[in-house]
Amino acid sequence: MQILLVLVVILGGMGLSVEAGILGPLGSQVGELWATLSIFGVGAALTFLLMLFFSPRESPSFFSQPPLLLIGGILGPIYVVVLTVVTPVIGVAMTMIGILAGQVSKSLLIDHYGLFGTTERKIDNKRIIALFFIIAALFFMAKG
Amino acid sequence: MTLIFMVILAIIGGATLSVQAALNGRLGGNVGVFKSAFLTFSVGALITALLIFFFEPNHTVTLMDVPKWQLLGALCGVPYIVIMVVAVQRIGTAVATVAVIFGQLSMSILIDNFGWLGNEAISLSGTRISALMCLAIALYFIYSSSKSEAKAA
């Protein structure tokens, strides 16, 4: 059961790369923003259906949430546009490693200062070492 | 020069992604996962639509002209959200994180190597393999750091 779940998660990760792999060429054909719209359009339709059928019935309204929590949706397009612009130039693998470097360094900052209402957690050495190796990987990719 | 610029762009993309994850995690806790995912996608669609209205030049090829499989990108991204919600509760954040990154990397190396999905082929070289080794080590450290966190929490 556990192994099965790990496999499913690996498949999920593969899905993310396939998404990037599809977006790059699509963006060079129809334009980056249109490619991005295809992701968010289809995604919004799908998640609307999921929400309609599987969301808990009496969940609180978006309008009762602090506005800061809602800007996640504004940040999403930045990521997708970046995928579309970058993958045709540097390839899918290097894009993924760059994304990973950004994620790890930013999450270090978020945790360290407890930004966005997360619990404050001091930077630990292991994550800094991890970040160092990710940057080394980026360097190798750029050379190869 | 463009290479460095593009890598920096990718890093910025990753940084916004983790800010988004932090915000959506909290929002999801308040209103439910599907609702927060829907907000992300619908606001994203609205913003890109606005950007298209005002900034996008005309293209001879439109979304309606490309082969339909090229529109399936979202079908590969949305399952990820659902899978993570189900899996994180059962196998823990640390294992889930490493498994996702493993899946991302192996698949992206395959896509690059064979030039799948219409991407240019970039063959697997010695330096690419060294890059993978560095990442494996990085993953080990991410794993052990999340593991000790889970214990503390």
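The values are calculated or read from the model by the stated rules, or taken from the named source; none is laboratory data. Just so it is clear, the structure is predicted and the values come from calculations on it, not from any experiment. Note: ideal-geometry Cβ built from the backbone for every residue, glycine included; neighbour counts use all protein chains shown. Surface accessibility is based on the protein's heavy atoms, side chains included, excluding ligands, DNA and RNA. Shrake-Rupley method; radii C 1.70, N 1.55, O 1.52, S 1.80 Å.
Annotations
- For A:Leu33: the one exception among (1) open to solvent by less than 20 Å² (accessible area, probe 1.4 Å); (2) facing another protein chain (nearest Cβ under 7 Å): (1)
- Each residue in region B:14-50 was checked for being within 23 Å of A:Val86 (Cβ to Cβ) and over 22 Å from the mean Cα position of the chain (by Cα), and 1 of them qualify.
- Residue list for region B:82-114, filter: over 19 Å from the mean Cα position of the chain (by Cα) and at pLDDT 75 or above: B:Asn113, B:Phe114
- Meets criteria (at the interface with another protein chain (Cβ under 7 Å from one of its Cβ atoms) and in contact with a Phe, Trp or Tyr (Cβ under 7 Å, 6 or more places away or on another chain)) for B:Ser125: no
- Within the option set A:Leu75, A:Leu69, being at pLDDT 80 or above, in a helix (DSSP H, G or I) and crowded, with 16+ Cβ neighbours inside 10 Å holds for one residue only, A:Leu75.
- The set of residues in region B:18-71 that are aliphatic (A, V, I, L, M) and either more than 7 Å from chain A (Cβ to nearest Cβ) or touching a strand residue (DSSP E or B) at 6+ places or on another chain (Cβ under 7 Å) (or both) comprises B:Ala21, B:Val33, B:Leu46, B:Leu50, B:Met64.
- Looking across region A:36-61, the residues that are of a type outside the set (A, V, I, L, M), at the interface with chain B (Cβ under 7 Å from one of its Cβ atoms) and closer than 23 Å to B:Ala87 by Cα come down to A:Gly43, A:Thr47, A:Phe48, A:Phe54, A:Ser55, A:Pro56, A:Ser59.
- Elements of type helices (runs of 4 or more DSSP H) in region B:1-107, at least 3 residues being touching a residue at least 60 places away in the same chain (Cβ under 8 Å) and open to solvent by 60 Å² or more (accessible area, probe 1.4 Å): none
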